[in-house]
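K.L.:
Sharing a structure with you now.
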Amino acid sequence: MVFDFHYVITSFITAVHYIPVTLALSLIPLFIGIVFGTLIAVCRKFRIRFIAPLADIIIPVVKGIPLVLHLFIMNFLILKPFDLLAQYYAWADVIRFMDKVYIAIIAISIYAVIIISETMRSALMSVSEGQYEACYSVGLTRWQALRRVVLPQVFPVAIPVLGNNLIGLIKGSSVVYLITVVDVMNGALTTAQINYRFLEAYIAAALIYWGICLLTERLFAVWENHMKKYQLGSAKNNLRQEVL
Amino acid sequence: MIELKNVHKAFGKNTVLKGINLKVNKGEVVVILGPSGSGKTTLLRCINFLESADDGELIIGDTKVDFKNATSKEILAVRRRTAMVFQNYNLFNNMNAIENVMEGLVTGRKMPIGRAREIAKQALDKVGLKDKYEAYPLQLSGGQQQRVGIARAIALNPDVILFDEPTSALDPELVGEVLSVMQAVAKEGITMIVVTHEMSFAMDIAQHIIFMADGNIVEEGSPKDIFTNPKEKRTKQFLERILPRWNYSI
Amino acid sequence: MGSLFDIRLVFEYFPLIFSRFPITLLIVVVAIGAGLVLGLFIALVRMRKVLLLNQFAILYVSFVRGTPIIVQLFIIYYGFPLLLEQVGIDITQWEKIYFVLVTYGLNNAAFMSEIIRSAISSVPDGQREAAYSVGLSRWQALRRVILPQAFLNAFPVFGTRVVNTFESTSLAFTLGILDMVGQAQAIGSRTYHELEGYVVLAIIFIAISMILEKLFVHAEKRFIQQRR
């Protein structure tokens, strides 16, 4: 079989329709990850009772689990009980009508919370102890210090890494085809299932992912510069964190 | 006015403060001298609970706090009656000069923004930064940053301002501008406790000198007493080392 | 039927799945080795701004960083034979594991080149100038002065990359090779007890990545101590 660019375009056009799915699979987990990840990081920083020691144990452990395993385990835990019930009551194919996209979002979100909590933890460490002390010295409470002084300095530092985290989530979300969710990757493959042009389909998917990732990178760079307006001179020299 | 009673502090096995008793009257400028590691900075940081002392008592105005079991409410109350000027300035990097000065008033004391801004402007004018209201810390020189730090402290109108080696991170040519601002603050009758190595400031401005070594107050008295007629051997040794020329010129 | 999770099966499956660990290890070792060599080459091409090669390197790194490794796996699997066919080499009989190794090696080269590049640029210019001033050639300066320092700077990030590579091997099974994940899948679909296999996998992945992390932290401390 000879490579035919024509089929890339066919696949590309089909797959483009599933960009919203891929974005949902990465942006929703990103948002959940930022909220809960920041919360966890702050609790660990302030050594909040029970939560901090618990997070100290759980985060490094769960961090070792690859995304695809999160997905498989979540898929099993949510589907299997339904499956058994369905068999028991002889419901016809309940599962086939259930949208697995929610399972995927839950699994990716758990993964995102863990990763982003580590991002926020190291970003929190970039703010010197002196900033907290200055807050306390003018009579701010711990939470006021966090809200008014520390977090506004943490986010500019965290943004480029969060951008990398998001790119990791976008690329990582392609594993959802393994549980039959139709995203960009799976969308591109639907045409290949008919014409057997797999190489062309994968190249089409690659082009779309590449485009989304480049755009994400650009957007985060712009956002970063915007946030760093007052941190003159400190914008350079950040050793780029790498992405999975 | 401010009184410390029997303050003890240890970091692990290392005892830093071994029962400090100290009294500072209203409007007094007290300078704490001593070799590095003598515990002077730790003592200063215990006064506003940046370090928590292991034992002892703090009386500030009509508030009395036991170091051993201070509640977070008491700590906050003490912090709202004190202010501090840091060695490394520690200006809020995400705020410009005037926001730095307003922060304690607006967020800490819930003062209306308009009034806080007026007070902040006055404070910045006082330290000679009338044209730098909108400047961010990284746009300012070390001396200017430290002057904002001082403005941030005086704007709070605290019972006492704690100065933690305010000039030791500065380039030599910038020390003068900060010292003269501190002198002006002293003249206004604000209570100051100053840890410093600037002997000229100690001699000219201080009303009371405290000499510390190894976690104890070795000697205290007026600048004249301490500098011209030190009684303790450790004080003499310290002054000889830090002021060799002074030693010969007398 | 009935029970969702049987702890005895975890013990039963563990040796079956762990016996495939050498395949995972092979992927990681090849990926890191090839990644380092190719990555250094790409980094040098980019730093010396070699005409055309530089532009190609930029595109290559961007593509690898911007696309999922699963997509890369399949592009190599379907595309590599076509490409080599043009120059008269027939690899259609290759086993799938070779395509996996090629993909992970090429993938890592891109990431490694970025790590190496930022590590080299983190060495102050004065070091290079000092090396030239005592008469070292460009290559000598790189080998004797720049790279040893760059290596220390890059070491923590390098460690993260190794751990990430190890974790990303969890996707190699999608091509149909029987590594740890592939084995767990096979057992799962045979017995309908998938969860136990996943738990075994989770345990192995957690343990190995923690061990790797500890090793790198330890090694880093040793390197820094030797320096003093």
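The values are calculated or read from the model by the stated rules, or taken from the named source; none is laboratory data. Just so it is clear, the structure is predicted and the values come from calculations on it, not from any experiment. Cβ sites come from the backbone with ideal geometry, for glycine too, and all protein chains shown count toward neighbours. Surface areas here come from the heavy atoms of the whole protein model, side chains and all, with no ligands, DNA or RNA. Shrake-Rupley method; radii C 1.70, N 1.55, O 1.52, S 1.80 Å.
K.L.:
How many percent of the accessible area of segment B:140-250 is carbon or sulfur, using a 1.4 Å probe?
P.N.:
Values: 2270 of 4890 Å².
Using a 1.4 Å probe with all protein chains present, segment B:140-250 comes out at 46 percent carbon and sulfur.
K.L.:
At a 1.4 Å probe radius, carbon and sulfur cover how many percent of the accessible area of chain A? Mind showing how you got there, number by number?
P.N.:
Numbers: 7880 of 11470 Å².
In chain A, the share of accessible area belonging to carbon and sulfur is 69 percent.
K.L.:
Share of antiparallel DSSP beta bridges in chain B, in percent to the nearest 5? Walk me through the intermediate numbers first.
P.N.:
Working: 22 of 38 bridges.
Here the share of antiparallel DSSP bridges comes out near 60 percent.
K.L.:
Starting from the Kirkwood radius over alpha-carbon pairs of segment B:88-157, derive D by Stokes-Einstein at 25 °C in a medium of 0.890 mPa s and give it in µm² s⁻¹.
P.N.:
So the translational diffusion coefficient is about 214 µm²/s.
K.L.:
Protein chains only, probe 1.4 Å: how do B:Glu219, B:Glu118 rank by accessible area, largest first? Could the numbers behind the result be given before it?
P.N.:
Working: B:Glu219 20, B:Glu118 95 Å².
Sorted by accessible area, descending: B:Glu118, B:Glu219.
K.L.:
So for the protein assembly as shown, Kirkwood radius off the Cα pairs, Stokes-Einstein at 20 °C and 1.002 mPa s: how many µm² s⁻¹? It would help to have the intermediate numbers written out before the result.
P.N.:
Working: Rh = 30.1 Å.
In µm²/s, the coefficient rounds to 71.
K.L.:
So, one more: Within chain B, which whole H helices from DSSP have a Cα span along their axis of at least 18 Å and a mean Kyte-Doolittle hydropathy of -0.5 or more, if any? Numbers along the way, then the final one.
P.N.:
Values: long enough: B:113-126 (19 Å, -0.68); B:142-155 (20 Å, -0.15); B:172-187 (24 Å, 0.79).
Result, helices passing both filters: B:142-155, B:172-187.
K.L.:
Using a probe radius of 1.4 Å on protein heavy atoms only, what is the accessible area buried between chains A and B, both sides summed, to the nearest 100 Å²?
P.N.:
On the way: alone 14450 and 12030 Å², together 24440 Å².
So the buried area, both faces added, is about 2000 Å².
K.L.:
Which of the helices in chain A, when you take each full DSSP H run, stretch at least 24 Å along the axis at their Cα atoms and have an average Kyte-Doolittle score of 1.0 or higher?
P.N.:
Values: long enough: A:19-45 (37 Å, 1.90); A:67-89 (33 Å, 1.31); A:101-125 (35 Å, 1.82); A:151-172 (29 Å, 1.16); A:198-227 (43 Å, 0.95).
Long hydrophobic helices here: A:19-45, A:67-89, A:101-125, A:151-172.
K.L.:
Among bridges DSSP assigns within the protein assembly as shown, what percent are antiparallel (round to 5)? Walk me through the numbers before you get to the answer.
P.N.:
Details: 22 of 38 bridges.
Counting only bridges with both partners in the protein assembly as shown, antiparallel ones make up about 60 percent.
K.L.:
Over all alpha-carbon pairs of segment A:1-90, lay out the pair-distance distribution in 5 Å bins, whole %, shortest bin first.
P.N.:
Taking every Cα pair in segment A:1-90, the percentages come to 3, 10, 10, 13, 13, 13, 12, 10, 7, 5, 3, 1, 0.
K.L.:
Could you sort B:Lys236, B:Lys130 by their accessible area in this structure, using a 1.4 Å probe and putting the largest first?
P.N.:
Result of the area sort, largest leading: B:Lys130, B:Lys236.
K.L.:
Additional query: Longest exposed-loop-site-free stretch of chain A, with trypsin sites (Lys or Arg not before Pro), DSSP loop and at most 14 other Cβ within 10 Å?
P.N.:
On the way: sites that count: A:Arg47, A:Arg49, A:Lys236, A:Arg240.
Of all site-free stretches, the longest is A:50-235.
K.L.:
Take the Cα pairs of segment C:24-169, get the Kirkwood Rh, then feed it into Stokes-Einstein at 4 °C and 1.567 mPa s and tell me D in µm²/s. All intermediate terms of the calculation are to be shown ahead of the outcome.
P.N.:
Numbers: Rh = 16.6 Å.
Result for D is 78 µm²/s.
K.L.:
Give me the accessible area buried between chains A and C, both sides summed, with a 1.4 Å probe, in Å² rounded to the nearest 100.
P.N.:
On the way: alone 14450 and 13590 Å², together 24250 Å².
Buried: approximately 3800 Å² between C and A.
K.L.:
Mind checking the log10 I(q)/I(0) for segment A:5-243 at q = 0.09 Å⁻¹? Debye, one equal scatterer per Cα, no solvent, two decimals.
P.N.:
Calculated log10 I(q)/I(0) at the listed q: -0.50.
K.L.:
Using only Cα atoms, find the angle between the long axis of helix C:194-227 and the longest principal axis of chain C, and express it within 0 to 90 degrees, rounded to the nearest 10.
P.N.:
Tilt relative to chain C: about 20 degrees.
K.L.:
Follow-up. May I ask for the distance between the Cα centers of segment B:175-192 and segment A:5-82, given as a whole number of Å?
P.N.:
Measuring centre to centre over Cα atoms gives 56 Å.
K.L.:
Please report the spacing between the Cα centers of segment C:30-77 and segment C:163-204 in Å, no decimals.
P.N.:
28
K.L.:
Ok, one more. With 25 Å as the limit, write out which pairs from B:Lys130/B:Lys187; B:Lys5/B:Lys40; A:Lys45/B:Lys23 have Cα-Cα distances beyond it, or answer none. Working shown, then result.
P.N.:
Details: B:Lys130/B:Lys187 20 Å; B:Lys5/B:Lys40 15 Å; A:Lys45/B:Lys23 36 Å.
Those over the limit are A:Lys45/B:Lys23.
K.L.:
Taking one equal scatterer on every alpha-carbon of chain B, how large is log10 of I(q)/I(0) by Debye at q = 0.14, 0.16, 0.17, 0.18 1/Å?
P.N.:
The Cα Debye sum returns log10 ratios of -0.95, -1.21, -1.33, -1.43.
K.L.:
Which whole-number value in Å² is the accessible area per residue of the protein assembly as shown, probe 1.4 Å?
P.N.:
Details: 34250 Å² over 722 residues.
Value for the protein assembly as shown: 47 Å² per residue.
K.L.:
Another question, if that's okay. Hey, any idea what % of segment C:24-169's accessible area is carbon plus sulfur with a 1.4 Å probe? Could you put the intermediate results ahead of the total?
P.N.:
Numbers: 4570 of 7000 Å².
Heavy-atom surface of segment C:24-169 belonging to carbon and sulfur, 1.4 Å probe: 65 percent.
K.L.:
Mind grabbing the accessible area of A:His6 for me, 1.4 Å probe, Å², rounded to tens?
P.N.:
120
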